[in-house]
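The values are calculated or read from the model by the stated rules, or taken from the named source; none is laboratory data. Because the structure is a prediction, the values reported are computed rather than measured. FYI the Cβ positions are ideal-geometry reconstructions off the backbone, even for glycines, and counts take in every protein chain you see. Accessible surface areas use protein heavy atoms only, side chains included; no ligands, DNA or RNA. Shrake-Rupley method; radii C 1.70, N 1.55, O 1.52, S 1.80 Å.
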Amino acid sequence: MIVLIDSDLDGTVAAAALAVRYGWPYRLSAAATVLASEDEILLHAADADTVPNVRGALLATPAPIVALASPAWLAATDWSAQGYVAAVEWHRLSADLPGVIAEWRHDTRLATIERLAATFGAAPIAGLLQGLRHALEAALHAPMNMSLVEEAHRIAGVAGSLGFAALGRHWLRISQRGSTIDAGARRATVHALATLDRAKNCPIFTVF
């Protein structure tokens, strides 16, 4: 389910129109009523929302949050540090939003995993998935001030190889900046772990 955080912006209407075009299930929601499941992707008018304290309400949910914003906001804001997993410029919704949505839907990632398993064998892919799970869980439980540069580089490589390109970009950013895990990377990691939980039930796997 795609959740459009209700605002007065024309861009929200444009995002809803895209959802209809691509057949994405969606609903409008006021921030105060957002109780997103792990399946949902939240689209938020990050630079112009008229609802007070909206971001605090959003960050209480586990779902990936995509910022929809102006070029000026995108240029001035470290959106991952603020807890967003991705950001899309308002005027590029038609060009960029479908790809972003695909990156954060569980079923899209699972389809990629199944194709990899069919091509390279279920056992080796399951082993890589298990290794990625362990690395992500360890990173989530690392001390907040601990540098994760070396581990981040490994996670980025494995994540990209297994079709988690957006997750890989978050961890590559950490490795390049020499930084600790930020709010956006943490949210992306939790979402990837939820996808990996679902991968266990893929018919192709008997060893994962």
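Quick one: is Ala142 more than 19 Å from the chain's Cα centre (by Cα) and part of a loop (DSSP other than H, G, I, E, B)? In short, yes.
Table: residues versus (1) of a type in the set (Gly, Ala, Ser); (2) closer than 30 Å to Pro25 by Cβ; (3) open to solvent by less than 60 Å² (accessible area, probe 1.4 Å).
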{"residue": "Gly99", "(1), (2), (3)": "yes, yes, yes"}
{"residue": "Arg109", "(1), (2), (3)": "no, yes, yes"}
{"residue": "Ala118", "(1), (2), (3)": "yes, yes, no"}
{"residue": "Ala135", "(1), (2), (3)": "yes, no, yes"}
{"residue": "Ile155", "(1), (2), (3)": "no, no, yes"}
{"residue": "Asp182", "(1), (2), (3)": "no, yes, yes"}
{"residue": "Thr195", "(1), (2), (3)": "no, yes, yes"}
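Ala138: over 30 Å from Ser70 (Cα atoms) and touching an Asp or Glu at 6+ places or on another chain (Cβ under 8 Å), yes or no? Judged against the criteria, Ala138 is a match. Per this entry, Ile113 is not counted among residues that are within 28 Å of Thr180 (Cβ to Cβ) and modelled with pLDDT of 90 or more.
Applying the criterion of being more than 28 Å from Trp79 (Cα to Cα) and aliphatic (A, V, I, L, M) to the residues of the stretch 175-208, the residue that is modelled with the highest pLDDT is Ala199. The sole residue among Ala126, Ala81, Ala86 that is in contact with a Phe, Trp or Tyr (Cβ under 7 Å, 6 or more places away or on another chain) and either surrounded by 12 or more Cβ atoms within 10 Å (Cβ to Cβ) or not hydroxyl-bearing (Ser, Thr, Tyr) (or both) is Ala126. Could you list all residues from the stretch 46-102 that are assigned to a helix (DSSP H, G or I), modelled with pLDDT of 75 or more and either touching a Pro at 6+ places or on another chain (Cβ under 7 Å) or under 18 Å from Ala192 (Cα atoms) (or both)? Across the stretch 46-102, the qualifying residues are Gly99, Val100, Ile101, Ala102.
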